[in-house]
Every structure is written in C-alpha cells, then in structure tokens.
Amino acid sequence: MINLLFARTWVLLLGAASFLFLMTVSCSKKEEARPTVGKITGTAVPATALASVTATDASGVSSTVTPNSDSGDFSIANLTAGTYVLHFSGASGFLDPADRSVSVAAGETNSLGTIRVSEYLAGAVEGTISPANSLSSIQLTAAGTQNGPTVQPDVTGYFRFSNVVPGTYNVSFSPTSGFLQPAPRTVTVTAKATASLGVVTVTPSGTTTATLRGSLRWTEGSTTYTSTSLSGTMSLSNGIPQYLSLSANALNGTAADVLGLYSYCGRAGVYLMDNQVGGASATYLRTVGGVPTGSYETRYQASPAGSVTITAVDPAARTVSGSFGFTAAEAPLRTGRITISNGSFSLSY
C-alpha cells in the first residue's frame with residue numbers, strides 16, 4: 001500500500017515538473033521570437049539608376065546599401081523602430097530623387113515599391129589654358145556652393161568637365177608658381193551641349209613683356225595712313241600694363257612711312273611728349289625704296305611736342321586703346337618739321 005502511494009506521488013511530481021519545464025521553454029521561445037528591428041525595401045527603375053540608398057535615424061546614425069544592378073531591388077535591414085530620412089544618390093547620368101521620411105516598425109517591412117529615377121541629359125564644359133603649364137587645376141562648382149569636381153589641363157592646356165548637370169556654374173583656377181590667378185568665370189551648361197570658355201590666358205607674375213598686335217591710324221598733311229603691320233611690346237607688372245613701345249609701318253608703293261610711339265599706359269589719362277619720365281614720345285621715318293628720306297623725333301623740344309591719350313586699358317581683356325598727335329623735328333639739325341594729327345590706336349597684347 002505504501003509503495004503504491006509512493007509511486008502515485010512520484011508520478012504526480014514528475015508530471016508537474018514536466019509541465020513547468022514545457023511552460024518555461026514555451027515562454028522562452030516566445031520571448032526570443034519577439035522582433036525588435038524592421039527593414040525598408042524598394043526597387044529602383046531603371047535598375048542601374050541609383051548608386052546608393054542611405055537611411056539616417058534621428059540621432060544621425062546611417063545605413064547605406066547599393067541596389068542590385070540587375071533588378072534595382074534594395075533592402076536596408078536591422079533598423080531599430082523609428083523614423084528615418086531616406087536619401088537616394090543617382091548614378092552617373094541620373095538625378096537624385098527627393099529625400100523621403102520613412103517610418104519603421106519592429107518586425108515589419110516598409111516597402112517603398114518602385115522608385116522612378118529621372119535621367120538627365122548631361123552637358124560639358126571645356127577650355128584651353130595659355131600658357132599650358134600655367135594652371136595646376138581647374139574647379140567647377142554649382143552656383144551657391146563651394147565644392148565641385150576638379151580637372152588638370154593636359155600638355156596642350158586643354159581641359160574638360162563631362163557629365164555636367166544643366167545649370168549655372170563657377171569655374172575657378174589654381175595657378176602654378178610664377179603665374180597670377182585668373183578671375184573666376186561663370187558658365188551656363190545646357191543639355192547635350194558643350195559650353196566653351198575659349199582660351200583662358202594666364203598672366204605671369206613679376207615684370208614681363210608681351211607682343212603687341214592691332215592697328216594704328218594717323219594723318220600727315222593731306223594723307224591718312226592705316227597700319228596693321230606692327231612690331232613692339234607691352235611691358236607688364238603682375239599683368240598690369242605699364243608702357244607700350246611700338247613701330248607701325250604704312251606702305252604706299254615703294255614709299256614707307258614708319259611711325260614709332262612710346263607711352264605710359266598703366267591707366268587712362270593724357271601723357272605729354274615733354275621729355276619727362278613716365279610721359280610719351282614719338283618718332284617718324286620716311287623711306288623710298290628702303291632708303292631713308294626723312295627722320296623726325298619729338299625729343300629735345302622746349303615745349304610739349306604732343307601727347308598720347310589712353311582712353312581705355314583692360315588688363316583682363318589684355319587691350320588698350322587711345323589717340324595721339326604730335327609735331328616732330330627733323331634729326332639731327334631739327335630744321336624740318338612734320339605734324340601728325342588724328343592719330344588713334346587699338347591694341348591687344
């Protein structure tokens with residue numbers, strides 16, 4: 001009787017223990033299965049249109065994925081429940097879709113469905129640097145921003161920015177040693193077109209000279225002469241014009257009239273031919289068949305022999321223009337005179 005009672009008690013205790021064990025295991029499994037994170041999914045169309053998708057929580061922690069290049073599908077998993085800002089980075093040739101605010105719940109998937117990405121018709125910016133070795137880099141920045149791509153000119157001075165989104169941009173330059181920094185340029189890029197800056201001339205620093213080009217016009221007696229046959233230089237100080245010195249040759253059959261002109265031209269103003277430093281002077285030579293028949297100069301006269309008027313000087317455009325007139329004495333006895341009137345010049349360097 002006692003053994004039977006003991007056996008029944010043992011069976012009851014064993015059953016109770018088994019029940020408690022099963023209950024404990026069941027509760028443990030339920031706690032382990034309770035989800036704590038969620039995810040965000042979507043599909044980029046076209047499939048290769050997005051370079052990356054980034055989800056950022058309220059504390060600034062980010063998770064970034066790259067969509068599948070074949071399907072365009074993307075999935076950002078293991079996201080703590082909360083609100084995220086989703087940023088899409090367009091691949092080359094595509095625009096960035098607008099950011100989205102997305103909520104994530106524990107254990108759930110927030111599917112964004114199809115993300116359609118717009119293609120842009122890219123443009124380009126190009127130009128040529130002169131001299132070719134005068135710039136180390138060129139930078140392109142969108143208006144209102146400070147960062148942007150940079151390129152280096154090739155050995156010929158040519159540079160190009162490709163795949164540029166249409167819009168307005170600033171182009172800035174970094175000079176190499178011995179050159180001044182050019183002023184920034186503004187350029188507008190349109191779809192499927194190349195915006196050209198042309199030749200960007202970079203000015204050497206210090207004292208330098210540049211070759212003069214252009215035309216002169218003047219009247220002597222009843223004859224008006226026009227010459228584009230020039231030789232001469234412009235002296236520069238850090239790119240700013242200082243003095244021009246030139247000779248203009250006007251041909252008339254076998255005869256040639258050669259007008260020489262020297263003048264300060266650092267700023268607009270009138271510069272007298274009075275033998276003073278920083279002023280102006282002129283010479284005039286006549287030849288027939290290459291043989292001089294008269295030589296005249298403005299030097300050594302008691303009163304101003306004439307003047308040069310600098311009407312405009314533009315260091316950025318590298319141009320200078322003005323007018324002149326003078327009376328020159330024949331050298332060496334200075335007995336003869338020649339008068340030049342209505343002189344004008346338009347020069348580049």
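So if I check each of 177, 196, which one is of a type outside the set (A, V, I, L, M) and outside any strand (DSSP E or B)? If you could, list the steps in order and put the result at the bottom.
Values: 196 fails: outside any strand (DSSP E or B).
None of the others qualify; the one that does is 177.
Which of the residues belonging to the stretch 304-349 are in a loop (DSSP other than H, G, I, E, B) and of a type in the set (Phe, Trp, Tyr)? Full working, then the answer.
We begin by selecting, within the stretch 304-349, every residue in a loop (DSSP other than H, G, I, E, B); these are 304-305, 315-318, 331-336, 349.
Once the filter is applied, which keeps residues that are in a loop (DSSP other than H, G, I, E, B) and of a type in the set (Phe, Trp, Tyr), the stretch 304-349 yields only 349.
Listed residues 151, 164, 61, 104; which is free of Cβ contacts under 8 Å to residues at least 24 places away in the same chain and surrounded by 15 or more Cβ atoms within 10 Å (Cβ to Cβ)?
Values: 164 fails: free of Cβ contacts under 8 Å to residues at least 24 places away in the same chain; 61 fails: surrounded by 15 or more Cβ atoms within 10 Å (Cβ to Cβ); 104 fails: free of Cβ contacts under 8 Å to residues at least 24 places away in the same chain.
Only one candidate passes the filter, namely 151.
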Odd one out for residue 286 among (1) surrounded by 13 or more Cβ atoms within 10 Å (Cβ to Cβ); (2) among the charged types (D, E, K, R); (3) under 19 Å from residue 313 (Cα atoms): (3)
Qualifying residue in the stretch 328-343 (condition: within 42 Å of the chain's Cα centre (by Cα), surrounded by fewer than 17 Cβ atoms within 10 Å (Cβ to Cβ), modelled with pLDDT of 90 or more and not assigned by TED's automatic domain parsing to the domain that holds residue 184): no
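Could you check the stretch 132-144 and list, in sequence order, the residues that are surrounded by fewer than 13 Cβ atoms within 10 Å (Cβ to Cβ) and over 20 Å from residue 94 (Cα atoms)?
First, pick out the residues of the stretch 132-144 that are surrounded by fewer than 13 Cβ atoms within 10 Å (Cβ to Cβ): 143-144.
Result: 144, single match.
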Residues being surrounded by fewer than 17 Cβ atoms within 10 Å (Cβ to Cβ) and more than 30 Å from the chain's Cα centre (by Cα) - total across the stretch 184-216: 1
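Just checking, which of 169, 225 is over 25 Å from residue 251 (Cα atoms) and in a strand (DSSP E or B)? Lay out the reasoning, then the answer.
Values: 225 fails: over 25 Å from residue 251 (Cα atoms).
None of the others qualify; the one that does is 169.
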One residue from 127, 113 being assigned to a strand (DSSP E or B) and over 30 Å from residue 36 (Cα atoms): 127
Failed condition for residue 128, given (1) exposed (fewer than 14 other Cβ atoms within 10 Å of the Cβ); (2) touching a residue at least 40 places away in the same chain (Cβ under 8 Å): (1)
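Do we find that residue 296 is surrounded by 19 or more Cβ atoms within 10 Å (Cβ to Cβ), in a strand (DSSP E or B) and either in contact with a Lys or Arg (Cβ under 8 Å, 6 or more places away or on another chain) or among the small types (Gly, Ala, Ser) (or both) in this structure?
Values: surrounded by 19 or more Cβ atoms within 10 Å (Cβ to Cβ): yes; in a strand (DSSP E or B): yes; either in contact with a Lys or Arg (Cβ under 8 Å, 6 or more places away or on another chain) or among the small types (Gly, Ala, Ser) (or both): yes.
So residue 296 passes the test.
The values are calculated or read from the model by the stated rules, or taken from the named source; none is laboratory data. Since we're looking at a predicted model, the values are computed, not measured. Glycine also receives a Cβ, built like all others from the backbone with ideal geometry; neighbour counts cover every protein chain displayed.
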